[in-house]
Structures are given as structure tokens and as C-alpha cells.
Ligand SMILES: *Cc1c(COP(=O)(O)O)cnc(C)c1O
């Protein structure tokens with residue numbers, strides 16, 4: 001983009017100056033409208049999420065057959081919702097913010113099989129593809145059939161004729177790779193330069209082919225898509241446009257209902273729910289937030305959190321250009337320690353769907369991710385990866401920045417904050433090897 005183009009863009013997008021300077025921003029989405037209005041402009045509905053949930057239920061016996069660690073949970077991949085009162089106290093003291101209400105950690109860092117939020121969307125999309133193939137080729141007679149049939153050597157041999165490919169910064173590759181390999185597919189994961197070595201090694205140990213790229217995530221996706229399109233028996237998981245991934249993530253919302261009830265936490269106009277989710281290309285935070293809006297309507301307030309050098313989703317949404325603009329276009333590097341969030345260009349699909357639903361977004365400097373990581377570890381003895389720690393920035397900025405406070409006032413929430421619940425969506429961490437974890441714990445950027 002030329003300076004002139006950037007200047008005219010800045011005239012209609014007031015946060016552009018701060019974004020370009022790499023400053024931490026609090027952005028309230030001016031396009032957000034009441035849930036009833038928002039849902040009229042949207043093709044996806046609760047029925048789509050119900051279907052995704054039902055598909056996951058059909059596959060539960062198969063998942064138990066593939067992954068013995070899922071037997072106790074009867075083939076359901078779900079994470080705990082953990083109260084973190086000691087973290088809440090620590091954040092209040094250390095950062096001088098008053099945080100009334102309750103603070104919870106949604107521990108997708110502990111999701112079985114893939115160790116990150118990607119276990120939701122990635123595994124769901126592979127199961128959907130598996131079911132589509134199985135039904136088309138008579139391996140299953142219908143949705144009522146016994147899905148453990150798909151775990152037999154004959155079925156694996158059938159799936160071995162097919163390839164699955166995906167472009168990834170790391171965690172999506174792990175989820176798609178491990179699940180696809182378990183079904184019996186051949187798998188090629190196209191990894192961007194920022195993907196961690198241990199993720200590549202882990203995938204190779206599952207028999208996955210890993211292709212490495214010098215360039216960033218966008219390039220890895222482009223190449224993966226091109227190679228997959230050349231092969232009629234190859235299926236490409238398109239992180240930038242996939243409705244299946246999005247719906248797989250959205251199922252999280254339905255599961256959260258029971259978890260909140262079990263903790264005795266109501267969600268309604270007088271008991272608002274704030275949710276903060278780290279955002280890369282947008283699929284995971286978009287799908288989860290979309291699901292939460294379907295379930296809780298106007299009582300839930302979802303916010304995304306992105307690195308200051310890779311704020312692709314807020315850039316796309318705030319300018320209205322969505323995937324037609326990248327962080328590099330406005331002079332940012334796209335480089336961040338938050339490897340799961342190192343994305344320069346957002347999903348246009350997610351940006352457009354979420355435009356009337358999303359409350360807002362925050363950005364966070366890399367240095368703070370490590371500080372938050374230590375805060376959580378010291379207060380609650382829970383380790384999560386730096387990318388996931390972006391969530392912790394959410395309540396701090398919402399409750400401190402003028403933009404956040406104005407949002408609370410305008411939504412009539414200020415008097416309900418003592419009854420509020422804040423959920424930090426912890427998106428990854430349990431598969432991080434000990435040596436890498438030790439490196440993280442030694443890292444001080446501030
Ligand atoms: C992928 C990922 C995200 C964000 O998901 P997107 O779909 O890329 O927006 C957040 N945290 C972690 C740890 C991730 O791996």
C-alpha cells in the first residue's frame with residue numbers, strides 16, 4: 001500500500017495509527033448489533049452447530065477405539081472450566097486493576113489428542129470428511145451405523161488411498177495430522193517458518209509428511225492448496241475459509257452451558273459473560289464466539305486478542321477490508337513469539353460472519369505474554385503456552401482502557417460487574433515438551 005492509500009484508510013479507521021505503531025489497542029467493534037438483528041444477516045444457525053455436535057457424538061465410539069486416553073470421557077474431547085481466583089487476585093494487585101466478578105480459565109490447553117483449541121475444529125473437519133467418504137463408498141450405511149467399523153484394517157486400507165493436506169503455523173497441523181493419521185489417511189502438513197521444531201518432530205512420529213517453508217503461514221497455505229488441487233484424491237483443510245472448522249469450534253459453546261451450570265454460574269442480562277480468546281486467522285475464536293452468541297445471545301461479550309505485530313483480524317474488521325489487507329501492508333512485521341497467532345492475513349469468511357456479533361478486540365505485546373504465563377503458573381500452578389496467554393490481556397484492557405469502560409457503560413453493564421464472569425480461553429500448552437517449556441520460563445522480554 002502507498003502512503004497516500006494508508007492515509008485515506010486511516011481517515012475512516014481511527015485505530016490504524018496505533019496499530020501501525022505496534023501499540024497495544026482496545027478496539028470496540030462499531031458494527032456489533034443486538035443478537036436478534038445480527039442473526040438475521042447470517043446463514044449459519046444453531047441448527048448447524050447441533051449437527052456438528054451430533055456428528056461428534058456419532059464418532060465417539062470410533063474416537064475411543066483410536067485413542068485409549070478418551071475411554072474415560074466416552075470419546076468426547078472436552079476441556080475443564082477452572083476457577084482461577086488466585087490469578088484474579090494477582091492480576092488485580094500486580095496490574096492495579098479492579099476485577100469484580102469471577103475469573104475462569106477454559107482449559108483447551110488440556111484438550112486430549114492435540115493439546116490445543118485445534119482439537120475442536122481440526123478433528124471435527126477430519127471426522128466429517130471421513131464420514132462423507134465412508135457414506136459415499138458404502139463403508140457406512142447411514143448415520144445410525146456402527147462407526148467402530150471405520151477402525152478396522154480394511155477401512156484403514158480404504159482411507160489410505162486418500163490424502164489430507166493442510167497449511168499450519170503448528171497446532172492445526174498437529175490436530176489434523178494426528179487425527180488423519182489415526183483414520184489411516186496419508187497426510188501432508190505444510191508448515192510455516194515460525195512453526196516450532198518439536199511440532200514437526202511430533203507429527204513425523206505419527207507418520208505425517210511435513211513440508212517446511214521459509215515464508216510465513218500464508219505461503220504454506222497457498223502451496224498446500226495448490227498441491228492438493230492437483231490430486232483428485234487429496235482433501236485440503238482450508239483454515240482461511242472452512243465452515244467445517246468453524247462449526248467444530250462452535251460446539252464448545254454448547255458444552256460450556258453445562259459447565260457453567262455445574263459451577264452455579266448464571267448468564268443473563270444481570271450476569272454478563274465476557275470471553276477473551278487469542279486470535280490467529282480467526283477460525284477458532286470466531287467459531288467459539290459465534291457459538292457463544294447463539295447460546296447466550298446479548299448476555300455474552302466475546303473479545304479477540306492478537307499480537308501487536310500480527311493483528312490481522314482487527315485490521316481486517318476495522319478497515320472493512322477483511323482478507324484484502326495484511327499486516328505487512330500497513331508496515332507491521334507479522335513476527336511474534338506467539339507462534340499460534342503468527343498470521344498476517346485474516347480469514348475473510350470469519351471476519352464477515354463475526355462483524356455484527358463481535359464485541360471487540362485487544363492487542364498485546366510479546367513481552368507481556370511471558371509475564372502472564374508466569375503469573376498464571378505462580379498463582380495457580382497451571383502452565384499454558386505464550387500464544388494462549390494473550391487471553392489474559394483481555395480483562396486487563398477492558399477494565400482499564402477508556403474504550404473498554406465506555407463499552408461497559410454503553411451496554412449498561414457497569415452496575416452488573418460484581419455479578420459478571422470473565423472467561424480466559426486458554427488455547428494451548430499441554431503438548432509443549434519440557435525443554436521448550438523451560439525455555440519459555442527463562443524468556444524475559446520486558
Ligand atoms: C490456532 C491457535 C489460536 C487461534 O486460532 P485461529 O483459528 O488461528 O484464529 C490461538 N491459540 C493457539 C494456541 C492456537 O494454536
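Coordinate-derived values only; no laboratory data. Fair warning: this is a prediction, and the values are worked out from it, not measured in the lab. Heads up, the Cβs are rebuilt from the backbone with ideal geometry, glycines too, and the neighbour counts pull from every protein chain shown.
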Kirkwood-based shape ratio for the stretch 6-106, expressed as Rg/Rh from alpha carbons: 1.14
Cα centroid separation - the stretch 321-392 against the stretch 60-127, whole Å: 18 Å
Anisotropy class of the stretch 80-236 from Cα gyration tensor, a/c 1.5 cut: oblate
Diffusion constant of the chain at 25 °C, which comes from Stokes-Einstein with the Kirkwood Cα-pair radius and 0.890 mPa s, µm²/s: 112 µm²/s
Coordinate range along principal axes, alpha carbons of the stretch 36-164, Å, largest first: 61, 41, 26
Evaluated over the stretch 159-201, the Cα radius of gyration and Dmax, each in Å: 10.2, 31
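I want the antiparallel fraction of DSSP beta bridges within the chain, as a percent rounded to 5.
Once the DSSP bridges in the chain are tallied, antiparallel ones form about 20 percent.
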Reference-scaled alpha-carbon Rg (2.2 N^0.38 Å with N residues) for the stretch 124-164: 1.06
Ordering of 400-409, 252-261 by packing [mean C-beta count within 10 Å, highest first]: 252-261, 400-409
Dimensionless Rg over Rh [the stretch 248-353; C-alpha; Kirkwood]: 1.04
Span per principal axis, largest first, for the Cα atoms of the stretch 156-263 (Å): 47, 34, 27
Contour excess over end-to-end distance, with Cα ends at residue 298 and residue 374 and 0.36 nm allotted per residue: 24.0 nm
Global form of the stretch 200-318, assessed from the alpha-carbon gyration tensor, a/c cut-off 1.5: prolate
Structure-based [θ]222 nm, the chain - -39500 (n - 2.57) summed over DSSP H runs of at least 4, per residue, nearest 500: -14000 deg cm²/dmol
For 82, 148, order by how many other beta-carbon atoms lie within 10 Å, fewest first: 148, 82
The stretch 222-261 and the stretch 418-446: distance between their alpha carbon centers, rounded to Å: 24 Å
Area projected by the alpha carbon convex hull of the stretch 301-431, averaged over all directions, nm²: 8.8 nm²
Rg followed by Dmax, in Å, when the stretch 356-446 is reduced to its Cα trace: 15.3, 47
Exposure proxy ranking, count of Cβ atoms within 10 Å, fewest first, for 308, 363: 308, 363
Distance in nm between pseudo-label sites at residue 89 and residue 154 (7 Å out along the Cβ direction from Cα): 6.1 nm
Calculated FRET value between residue 414 and residue 20, using beta carbons and R₀ = 35 Å, to 0.05: 0.65
Per residue convex hull volume, Cα atoms of the stretch 224-288, in Å³: 101 Å³
